[in-house]
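The values are calculated or read from the model by the stated rules, or taken from the named source; none is laboratory data. Everything numeric in this text was worked out from a predicted model, so none of it was measured. Every residue, glycine among them, receives a Cβ derived from its backbone with ideal geometry; neighbour counts consider all protein chains shown. Please note that ligands, DNA and RNA were not included when accessible areas were found on the heavy atoms of the full protein model with its side chains. Shrake-Rupley method; radii C 1.70, N 1.55, O 1.52, S 1.80 Å.
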Amino acid sequence: MFERTLQDLIRGLRAHKASSKAQEDAFLSEAIVEIRSELKGKDMALKAEGVLKICYLMMLYPIPAPPEFAFHVVEVMSSPRYHLKQIGYLAAPMAFSGDTEEVVLTVNGIKKDLMSPYVPLPPLPLTALPHLLSLSPSLSTTLHPDLLHLLTHSSARIRKRAVLCLLPCWEAFPEGLREGFPRLRERLQDSDQGVVGATVGVVMELAKRQGGKNYLPLAPELFSILTGSSNNWMLIKVVKLFAILTPLEPRLVRKLLPPITSLISSTSAISLLYECVRTCIVGGMLDPDRAEGEALARVCVEKLGGYLRDEGGDQNLRYIALLAMVKIIPTHPAMVAEYQDEIMQSLDDPDVSIRMRALELVTSMVDRDNLQTIADQLLSHLAPSETNTSTLPSAVASLTAIANQLSSTASKDPAITSTSVSLSPAYRLLLTQRLLSIISTDTYINVTDFEWVISVLVDLAYVSHVNVGTEIKRLVSDVVGRVKSAREYAVGVLEKVIGDEDFRERGRSGTGEDGLLEAAVWVCGEYSSYLSSPLSAISSILSPTLHLSSSTLISLSLHATAKIFGHYAATVSSSWSSEKHDEAKALVASIKSGLEPFLTMGEMEIQERAFELTQLLNFVQADLTNHIPPAKKPTSTSVNDMPDMEDGFADSNGSNGDASTPPYPKSLFLLEPLFTAHELNAVAYKAQEAVRIPEGLNLDIEIVPGGGFGELDLQDAEEENSEDEKVIDLGEGGSEGMEELRRVLREQEKKGKKRDGESKEERARRRAARKAKQKDDPYYLYDKNDDLQEEEDIDEIPIVKLDDSDLPEEPIETKSTSRSSSKIKGKTKSKKNPAPPPEFDRTGELPEGTILPPPDTLKSNQLERTASSGLAAVDLSSSFSSIRGSGRFEEYNVGDDEEKEAKIDDRDIPITATSEIEVVKVKRKKKGDKKKKDKAIE
């Protein structure tokens with residue numbers, strides 16, 4: 001019978017690609033049936049060919065493995081022929097999983113192949129072992145000694161693969177790390193660079209999982225690799241390792257500065273340059289306090305800036321340069337700011353990844369001098385171009401446009417690609433969020449003009465076309481509440497926003513415009529004194545399409561209408577006339593008609609606010625109807641004066657000739673005091689926690705004694721009984737059961753009185769009698785261990801009252817100290833920024849007699865990562881005492897103070913450690929040997 005080979009199977013699959021789905025499935029079914037018959041046969045060559053074909057099909061199609069496929073793979077692995085055994089080990093990772101029992105059958109075969117003297121044979125199991133070792137801890141335990149033995153094999157290829165297998169072996173068998181670490185350390189000095197590179201890679205992965213504490217003794221070997229190797233990939237791994245070790249041993253910085261500086265200035269590999277810069281930052285080499293930190297930072301920035309200025313350079317170099325500058329800017333922002341133009345140009349790059357890194361860098365280099373410049377440039381990326389005013393594309397359309405630009409057949413236009421990326425909703429959302437974050441950083445520490453902030457927030461809401469309404473609403477409300485000087489400008493701008501019907505219609509689509517509308521309505525209502533036209537504002541707020549908006553916007557609109565009308569009514573009283581009278585009546589009627597659609601809405605809050613405002617307006621409308629307008633212009637009256645309000649509104653329609661009666665209705669002052677009683681200020685950080693408990697208030701005392709069950713206080717009861725003992729009247733008469741109940745109650749009362757004065761001996765006797773009774777009770781579960789344990793006497797536990805009256809109270813910070821500190825801060829900032837910052841309430845409002853609580857300090861414990869189990873829990877510090885260091889290992893064990901007092905030679909100094917007990921087998925000496933020894937002495 002003709003058997004298909006793997007090449008025949010591939011040709012058949014390609015031939016059926018143009019066929020229908022049914023024909024292709026039929027061909028696959030026929031091939032799988034043929035493969036199963038080959039696996040069940042006794043011919044090992046056909047079985048290996050079947051294993052190879054089923055592995056190929058499993059990689060292409062989601063088909064399950066045939067029954068007993070793992071056992072057939074074990075048979076192929078045990079074949080004496082090399083090419084068949086190779087196929088078996090190749091299929092082993094696909095055949096074996098965590099629940100495969102056939103893994104146990106491979107142990108002896110793998111051990112035999114690992115220890116084979118035939119050099120090409122050990123690499124075969126070493127290829128499959130990384131997957132197999134992760135499946136079975138018992139397999140890792142069994143093969144661990146064999147892997148350590150292969151570390152000293154004569155073939156560099158085998159040593160390299162054995163080193164790579166140690167990592168999954170130690171993950172499954174963590175205790176093997178103690179035994180194998182000295183062998184792994186020896187491979188760092190191997191003659192073959194491939195073995196050294198594999199060893200460095202394994203050590204780096206171990207250091208990532210465990211932290212660098214266990215691998216500090218490897219610093220001499222790693223330093224020799226750093227200074228002697230020319231392989232960039234190996235140098236990258238070594239530099240990454242030193243980035244982990246340097247925070248644990250700061251004295252490594254002094255040794256690493258010369259080689260890392262040489263690499264930064266001479267290397268042409270941007271990836272190696274980035275790792276060197278990252279190591280310098282993590283290790284504190286760029287610290288401004290260090291003498292060489294400034295010069296090293298200048299070298300790094302100039303090297304990276306060259307890649308940014310190279311317009312025709314590699315995109316990967318620009319990306320890595322931006323990524324490295326993000327690491328440098330926290331310590332040296334002035335140096336990075338010199339390349340601000342190049343960084344801003346990267347925001348127009350067609351590559352979206354470069355844009356993201358440039359955006360991250362731009363937001364990190366913002367200060368008070370360049371905030372407005374950077375924010376305006378970022379805002380220009382969101383504004384639609386004049387040539388393209390169409391709606392934003394979907395995510396699928398954006399990705400399709402980018403894919404067409406990246407294809408080899410399409411014409412690549414950078415301008416078109418840049419525009420497509422700018423129109424992407426994901427990029428616009430990230431850009432808008434970063435723009436909002438740089439404005440509000442550290443409570444607007446970089447802002448010098450808050451009117452500009454209001455205009456930027458309004459522009460963002462109009463041009464962003466992403467859902468950031470919640471953030472814009474929060475920032476607008478916060479700025480207006482903190483900065484009093486910006487309220488008039490903010491009300492003037494937001495008054496135009498609430499009158500924009502097109503903007504309202506956009507907000508109903510859920511793209512985030514509702515956030516600015518809600519903030520605008522609240523600000524115009526809260527600070528209605530700055531409105532240019534209260535009547536127009538009320539008309540805009542109670543828009544005919546308001547019922548189509550969200551429930552939050554409707555609730556805020558109703559509340560703002562009441563505020564604006566209350567301020568308008570109080571203000572118009574100063575110039576009351578017949579015209580104002582008619583205007584007020586028309587306004588009340590207009591507001592009531594605008595509230596009618598909300599009286600029957602399903603939202604409870606909207607309905608309640610509409611009813612409350614309607615009832616108040618009914619009262620005002622009735623008062624205006626009964627009031628007789630004046631015939632002449634009344635004298636001006638202060639807005640805040642409300643004369644004769646103590647008499648109510650009973651005489652509001654009195655005669656105009658009475659001097660004590662005002663010419664305007666008193667109901668005009670009904671609404672304004674409801675909203676202006678207290679000024680609304682910003683609340684400070686943790687102000688609620690700073691509220692002090694008033695003296696005499698004990699929050700631990702129960703409000704209802706006894707939890708409402710009326711428990712009697714024994715001490716008070718004794719005092720009352722001593723003065724006037726009252727016996728509870730249990731009544732008389734009744735049946736025999738009632739008499740028995742009265743007798744039991746009286747006996748219990750007597751026992752209770754006796755127990756109050758009983759001694760320890762009587763209490764112990766009573767407890768022993770109760771235990772004996774319980775022991776004889778067949779329905780009571782008695783524990784025999786109770787006889788061996790002494791029962792704890794609750795009455796003997798002492799009651800300790802913790803009194804904190806002796807503790808010193810923290811002094812309350814006075815206003816003078818805060819003022820002096822603010823003056824000092826102002827002086828230091830004035831040197832850098834001559835323009836004084838605008839005055840605004842930055843801290844917020846605190847309760848009286850309290851100070852600003854300090855912010856929470858985050859505990860940084862990222863350098864030493866601990867774990868309770870697994871590979872990360874292995875501590876190798878105890879096993880280092882028996883390992884003698886090579887090179888100048890003493891440099892990491894001598895303190896800085898000791899180096900100044902004593903002179904240490906450059907020779908190797910042995911490490912003092914506790915000597916281990918060595919067991920030596922001693923032979924018994926014979927008598928003849930003793931005589932020969934005596935003669936030799938003579």
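Before we move on, is residue 537 open to solvent by less than 50 Å² (accessible area, probe 1.4 Å) and of a type in the set (A, V, I, L, M, F, W, C)?
yes
Which of (1) over 19 Å from residue 439 (Cα atoms); (2) surrounded by 23 or more Cβ atoms within 10 Å (Cβ to Cβ) is the odd one out, the single condition residue 476 does not satisfy?
With respect to (1) over 19 Å from residue 439 (Cα atoms); (2) surrounded by 23 or more Cβ atoms within 10 Å (Cβ to Cβ), residue 476 is out only on (1).
Within the stretch 485-503, can one find any residue that is closer than 17 Å to residue 560 by Cα, assigned to a helix (DSSP H, G or I) and under 31 Å from the mean Cα position of the chain (by Cα)?
No, the stretch 485-503 contains no residue that is closer than 17 Å to residue 560 by Cα, assigned to a helix (DSSP H, G or I) and under 31 Å from the mean Cα position of the chain (by Cα).
Quick one: residue 286 ticks every box in (1) open to solvent by less than 10 Å² (accessible area, probe 1.4 Å); (2) at pLDDT 85 or above bar one, so which box is it?
(2)
If only one of 325, 335 is in contact with a Lys or Arg (Cβ under 8 Å, 6 or more places away or on another chain), free of Cβ contacts under 8 Å to residues at least 40 places away in the same chain, open to solvent by less than 20 Å² (accessible area, probe 1.4 Å) and closer than 24 Å to residue 256 by Cα, which one is it?
Every option except 335 fails the conditions.
Of the numbered conditions (1) of a type in the set (S, T, N, Q); (2) touching a Lys or Arg at 6+ places or on another chain (Cβ under 6 Å); (3) surrounded by fewer than 17 Cβ atoms within 10 Å (Cβ to Cβ), residue 154 fails exactly one; give the number of that condition.
Here residue 154 meets the rest and fails (2).
Filter the stretch 185-208 for residues that are closer than 10 Å to residue 160 by Cα and touching a residue at least 40 places away in the same chain (Cβ under 8 Å) and give the result.
193, 197
Enumerate the pairs (first residue in the stretch 113-127 and in a loop (DSSP other than H, G, I, E, B); second residue anywhere and among the polar types (S, T, N, Q)) with beta-carbon separation below 7 Å, excluding pairs fewer than 6 apart on the same chain, so at least 6 apart or on different chains.
So the pair list comes out as 119/155; 122/116.
Results for (1) more than 22 Å from residue 875 (Cα to Cα); (2) modelled with pLDDT under 90; (3) under 33 Å from the mean Cα position of the chain (by Cα), shown as yes or no for each residue.
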residue: 217; (1), (2), (3): no, no, no
residue: 224; (1), (2), (3): yes, no, no
residue: 227; (1), (2), (3): yes, no, no
residue: 248; (1), (2), (3): no, yes, yes
residue: 253; (1), (2), (3): yes, yes, yes
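Identify all residues within the stretch 38-71 that are without any contact (Cβ under 8 Å) to a residue 12 or more places away in the chain and among the small types (Gly, Ala, Ser); write none if there are none.
Listed by number, the list holds a single entry, 41.
How many of the residues making up the stretch 163-187 are open to solvent by 10 Å² or more (accessible area, probe 1.4 Å) and within 20 Å of residue 233 (Cα to Cα)?
4
Take the residues in the stretch 551-600 that are among the hydroxyl-bearing types (Ser, Thr, Tyr) and surrounded by fewer than 15 Cβ atoms within 10 Å (Cβ to Cβ); name whichever of them is nearest to the chain's Cα centre (by Cα).
Among those that are among the hydroxyl-bearing types (Ser, Thr, Tyr) and surrounded by fewer than 15 Cβ atoms within 10 Å (Cβ to Cβ), it is 551.
For the stretch 262-365, list the helices (runs of 4 or more DSSP H) that sit wholly inside it and hold at least 2 residues that are among the acidic types (Asp, Glu); which are they?
Once the helices (runs of 4 or more DSSP H) in the stretch 262-365 are filtered for at least 2 residues that are among the acidic types (Asp, Glu), what remains is 293-309, 340-345.
In this structure, does residue 204 turn out to be open to solvent by 10 Å² or more (accessible area, probe 1.4 Å), out of contact with any Asp or Glu (no Cβ under 6 Å at 6 or more places or on another chain), aliphatic (A, V, I, L, M) and farther than 27 Å from residue 234 by Cβ?
It is false that residue 204 is open to solvent by 10 Å² or more (accessible area, probe 1.4 Å), out of contact with any Asp or Glu (no Cβ under 6 Å at 6 or more places or on another chain), aliphatic (A, V, I, L, M) and farther than 27 Å from residue 234 by Cβ.
For residue 274, all conditions in the list (1) of a type in the set (Phe, Trp, Tyr); (2) open to solvent by 40 Å² or more (accessible area, probe 1.4 Å); (3) under 30 Å from residue 219 (Cα atoms) hold save one; what is the number of the exception?
With respect to (1) of a type in the set (Phe, Trp, Tyr); (2) open to solvent by 40 Å² or more (accessible area, probe 1.4 Å); (3) under 30 Å from residue 219 (Cα atoms), residue 274 is out only on (2).
Does the stretch 226-233 contain any residue that is surrounded by fewer than 21 Cβ atoms within 10 Å (Cβ to Cβ) and more than 24 Å from residue 194 (Cα to Cα)?
no
Cβ contacts < 7 Å: first residue closer than 27 Å to residue 45 by Cα, restricted to the stretch 1-28; second residue aliphatic (A, V, I, L, M), any location; separation 6+ or different chain. Result?
3/46; 6/52; 9/31
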